[in-house]
Amino acid sequence: AAAEAADRLGIPCHAVEFGYLRPDWLTLERRGMGAYSHFPDMPERVRAIAAQAQAGPPLDARFPHSFLQEATSDIAFNLANALLGLMYPLYRMDKPYHPLLDYPGWIPRLLRGRAEAEEAERVTQRAEAREFRYALVAMQLQSDYQIRDNAPYAGLGEMVEEIVASFARHAARERRLIFKLHPLDNGIEDWPAVIQSAARRHGVLRRTTVIDGGRLDVLIRHADGVLMANSTVGLHAIRAGTPVLALGEAIFDMAGLTHQGPLSAFWEAPEPVDASLAEDFVTALAETIQVKGSFYAREGRRLAQAEIVRRVTQDLVNEPGAFVSSPPRLPVSRHRAG
């Protein structure tokens, strides 16, 4: 809506968000992200951008921050909006949950956190030991705008139902399904109960596991495949060489990176990741829409602010080679034109 209003007024509009290349990256794009992204979705264009890069992107972590810093910022932001929003009767909060309901929802989850973490670690160790073959489902947040606007579901419960039903019909009987809850889920939706109910209806309860925690990198590395709507977990899996299926609109969803066939075929014949295209994709992201920096670390903010100002003022946003030069624009991708 902001981009459309800016267009009518002739004002350039940019979107700034967390980076795809985590940690220590932010995203800067013209007009919008996700389904509204201008990043190309054709492998040949991605390879062409990567070929222009003078060096690989700096993927080292430079700006660490604590969970306390992140949580404090989140609480301050949302409570300020909730309380000061009373002064603006037409204001509508972005999230479906009011903060005064959201934050108390964390209490039961925190109380059982240690037990949940220990169980998740046990499952992770068994996965690492290859005691069973499995597919990993990365849950997102019900409040995530990427779910509400860039996925074909009214809510995550519909995605769970679709995945479990397909798994029951098409996956070999020795395969298992692991659902990993999002680490910032507030617990208002009882996803373990929702998932277990779906698994029970479809006769795969004993083959379905729900964990709250675990080592994501290990779970990805040993999985036969990773499923999500459009979480950046998909990009982590692609970089690890694990087959990926994106059920929503995702910037990394393209031939050579993700499974392009139906969900039914993913369980036994997932399309493999093209390792060279994956490397080019990371380089192309860094060259066009990623900015090195951080929202939470002071030095990371300083670095990101300077780079964002440079790209905006020099008209380098979404430009190939933004780090070093400004070649002519590539055509906007076919279905991500915004």
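The values are calculated or read from the model by the stated rules, or taken from the named source; none is laboratory data. What you are looking at is a predicted structure, and each value in this text was computed from that prediction instead of being measured. Note: ideal-geometry Cβ built from the backbone for every residue, glycine included; neighbour counts use all protein chains shown. Side chains included, ligands, DNA and RNA excluded: accessible areas come from the protein's heavy atoms. Shrake-Rupley method; radii C 1.70, N 1.55, O 1.52, S 1.80 Å.
This structure gives Cα extents along the principal axes in Å, computed directly, and of (1) 59, 48, 44; (2) 82, 47, 47; (3) 57, 51, 37 that value is listed as (3). Cα centroid separation, segment 291-305 to segment 238-272: 32 Å. Counting protein heavy atoms only, segment 12-83 has 63 percent of its accessible area on carbon and sulfur, 1.4 angstrom probe.
Could you work out [θ]222 nm for the chain from helices alone, using -39500 (n - 2.57) per DSSP H run of at least four and dividing by all its residues? Round to the nearest 500 deg cm²/dmol. The partial results should precede the final answer.
Working: 14 runs with 143 residues, N = 338.
Helix contribution divided over all residues of the chain: -12500 deg cm²/dmol.
Annotation: the antiparallel percentage among DSSP beta bridges lying fully within the chain is about 30. Select from segment 71-162 those trypsin sites (Lys or Arg not before Pro) which occupy a DSSP coil region and have at most 15 other Cβ atoms within 10 Å, ordered by residue number. Sites meeting the loop and neighbour criteria: 92, 112, 130.
Annotation: per residue accessible area for the chain equals 50 Å², rounded to a whole number [probe 1.4 Å, protein chains only]. Spatial offset of segment 21-70 relative to segment 157-206 amounts to 31 Å, using the alpha carbon center of each. Springs between Cα atoms under 10 Å define the GNM used for the chain, and in it the highest mean-square fluctuation of 249, 287, 162 occurs at 162. Within segment 47-146, the GluC sites (Glu not before Pro) that combine a DSSP coil assignment with at most 12 other C-beta atoms in a 10 angstrom radius are 131. Highest GNM mean-square fluctuation among 263, 177, 68, for the chain modelled with Cα contacts below 10 Å: 68.
Carbon and sulfur: what percent of segment 152-250's accessible surface (1.4 Å probe)? That fraction is 49 percent.
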